[in-house]
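Okay, so here's the structure we're looking at.
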């Protein structure tokens with residue numbers, strides 16, 4: 001149990017932050033709607049994060065790989081906590097947008113930083129279980145957050161919900177403060193970001209990608225299948241309401257039950273972490289997730305849609321835990337921040353493109369047909385991924401007990 005003392009601290013901090021984020025998301029949407037009365041103003045919230053990613057991810061990794069990750073994560077949470085705390089006291093939509101952009105710019109450093117920190121803190125043979133529990137924490141926050149937000153909004157209003165999120169960032173920072181310093185050295189005392197350094201870092205990432213072709217092939221296949229799934233998520237509400245003719249209440253129930261499926265899947269993934277191979281988590285998990293999308297867009301009533309979503313959510317927990325572990329085990333720690341940031345930027349562009357393409361085709365043809373075609377393409381990519389994973393030459397990528405050389 002002693003070996004899990006530090007990981008539990010990290011899980012607790014991030015889990016509290018996840019829970020606060022869900023409470024905040026519901027409250028912020030309602031707060032902006034109350035402030036402006038405009039659905040377009042609410043929709044504007046959802047383009048702020050992609051803008052922040054495009055502004056920062058060309059150079060964020062250069063900072064992450066050169067500074068102390070623990071100090072950076074603490075600073076990020078403190079800054080986000082202070083900025084979120086200010087939102088309820090501001091009456092201008094554009095000032096709120098500006099603050100949200102600042103929050104997302106700062107927040108874009110947290111994901112890659114935490115990935116590097118987790119890789120250094122968690123021993124290689126425990127990462128799969130840790131990532132499964134992390135997925136379970138996220139699913140639990142997804143289930144509890146909106147429910148808690150609903151109760152709080154009903155009794156005390158949206159402002160307190162937003163302040164609660166500010167507090168959760170501070171709590172997360174405190175938990176990270178209690179964790180050990182995993183960076184032996186860092187040259188953050190006089191860090192200067194300039195164009196030549198950024199270009200050099202991009203070349204380093206490119207050279208790694210060229211040398212690690214087996215890793216990149218599996219990485220790209222998984223990401224393409226996953227990003228197709230994300231683009232399909234953008235049409236789920238429309239499909240449920242227009243094709244299956246269900247109500248908003250029915251949609252809410254389906255989403256909640258899906259969360260239970262994800263939570264159960266993550267719990268089972270954590271229990272089986274020592275018994276099932278990493279390649280099964282990654283390959284079979286992604287394949288069955290893709291099959292879940294096919295099942296959902298083939299559904300014709302509440303029951304079939306719900307069953308497909310439970311199936312999808314259950315196996316996506318395996319796929320996510322498998323991918324996180326695979327990534328941590330195969331990207332050298334010293335360039336992980338740069339690789340993550342650059343990859344996130346390209347993934348964002350691809351996801352926007354796929355989502356727009358799906359929406360365009362849905363205007364020309366029937367929504368169900370287009371979504372089925374996309375989900376079948378995702379399933380074909382997942383089959384290719386699974387077959388690729390089991391090629392003997394790829395076996396070294398899935399070893400869980402060897403030591404990292406980087």
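Going by the alpha-carbon gyration tensor, a ≥ b ≥ c the square roots of its eigenvalues, is the stretch 319-363 rounded (a/c under 1.5) or, if a/c is not under 1.5, prolate (a/b greater than b/c) versus oblate? It is oblate, given that a/c is not under 1.5 and a/b is not larger than b/c.
Here the stretch 135-257 is treated as a sphere whose radius is the Kirkwood value from Cα pairs; by Stokes-Einstein at 37 °C and 0.692 mPa s it diffuses with a coefficient of 162 µm²/s. What the pair-distance distribution of the stretch 1-179 shows, using all Cα-Cα distances binned every 5 Å from zero, is 1, 8, 16, 19, 20, 16, 10, 6, 3, 1, 0 percent.
By its C-alpha gyration tensor, with a ≥ b ≥ c as the square roots of the eigenvalues, how is the stretch 135-177 shaped: rounded for a/c under 1.5, else prolate for a/b larger than b/c, else oblate? Here the stretch 135-177 falls in the oblate category. Solvent-free Debye calculation, one equal scatterer per alpha-carbon of the chain: log10 I(q)/I(0) at 0.06, 0.08, 0.12 Å⁻¹ equals -0.24, -0.44, -1.06.
Using the Cβ-Cβ distance between residue 54 and residue 264 with R0 = 25 Å, the FRET efficiency computed as 1/(1 + (r/R0)^6) comes to roughly 0.10.
With 5 Å bins beginning at zero, the pair-distance distribution over Cα atoms of the stretch 194-249 amounts to 4, 15, 12, 11, 11, 11, 10, 7, 6, 8, 4, 0 %. Note on the stretch 194-406: percent of Cα-Cα distances in each 10 Å bin, starting at 0 and stopping at the bin with the largest distance, equals 8, 30, 33, 19, 8, 1. Spherically averaged projected area of the convex hull of Cα atoms, the stretch 11-54: 3.7 nm².
Read-outs: derived from the displayed coordinates by stated rules, not from any lab. Owing to the predicted nature of the structure, the values given are computational and were not obtained by experimental measurement. Every residue, glycine as well, gets a Cβ built from its backbone with ideal geometry; the counts of neighbours run over all protein chains shown.
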